[in-house]
Amino acid sequence: MISVYSIGALIVAYLFGSIPTAVWIGQAFYGIDVREYGSGNAGATNTFRVLGKKAGIPVMLLDILKGWTATNLAFFIGLSVTGPEHSVQYVNYQLALGIVAVMGHLFPVFAGFRGGKGIATLFGMILAVHLPAALLCVLVFVIVLLFTKYVSLSSISAGFTFTLSVIFIYQVSVKAIVIYGMAICILILVTHQKNIERLLRGKETKVNLFKKKQIQS
């Protein structure tokens, strides 16, 4: 059911996703646009790569918050439209809002439609929709990052973990979540194509979590 409230929520979700956290923090505190360095993306991974953890961690947390907040806008649409919380219809609205927020991150209206890869925003969405699967993704992300120091590989691994966990571990019955999980895998492969190529060539940049990072072009 389409209503003024649901349309308004979708617009707000896109605007939340469009907040270019990496760009604004980079320009405000470091005087640079992170899109001009590293991989050229306006996301947490490139912020870690270019500016280090002091900038990367806030960007990552804020990007997660964008996805979580946008997804939970379903609560404000009204139960008469979405149905009871945690119902299939309610979850469908959550997924729609979260996807729109991710699209906002990929193509932000506030930053010339040049955004990031949406992994942190995707995670915020997952956090709102299925908390156990989200926590498992965090565990996989941290383990892979500690062992490899590749943020991109950690993000890819965490994304695939969500899909596999909702299908085989939690056996989620809501088809929309399963389909969304599969879509995540496709999106990750598309947005991380260059990262995957660099990983295969052994040229992907590692992140040192314990040292300050110098700006690199």
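None of the figures in this text is laboratory data; all of them are computed from the coordinates on show. Given the structure is predicted, the values throughout are model-derived calculations rather than measurements. As a convention, Cβ positions derive from the backbone with ideal geometry for all residues, glycine included, and neighbour counts pool all protein chains shown.
A few notes on this one:
- Peptides 158-169, 141-152, 40-51 ranked from most to least packed by the mean count of surrounding Cβ atoms within 10 Å: 40-51, 158-169, 141-152.
- For Val91, net neighbour charge (Lys/Arg +1, Asp/Glu -1) across residues whose Cβ lies under 13 Å away: 0
- Each of Phe160, Leu95, Val172 was scored by the projection of its Cα onto the charge dipole of the stretch 4-201, and the greatest displacement toward the positive side belongs to Phe160; charges sit on the C-beta of Lys, Arg, Asp and Glu.
- Per-selection Kirkwood Rh - the chain (Cα, Å, 1 d.p.): 17.5
- Whole-number percent relative contact order across the chain, with pairs defined as alpha carbons under 8 Å at least 6 apart: 24
- Only Lys, Arg (+1) and Asp, Glu (-1) charged, at Cβ; the chain dipole about Cα centre in debye: 880
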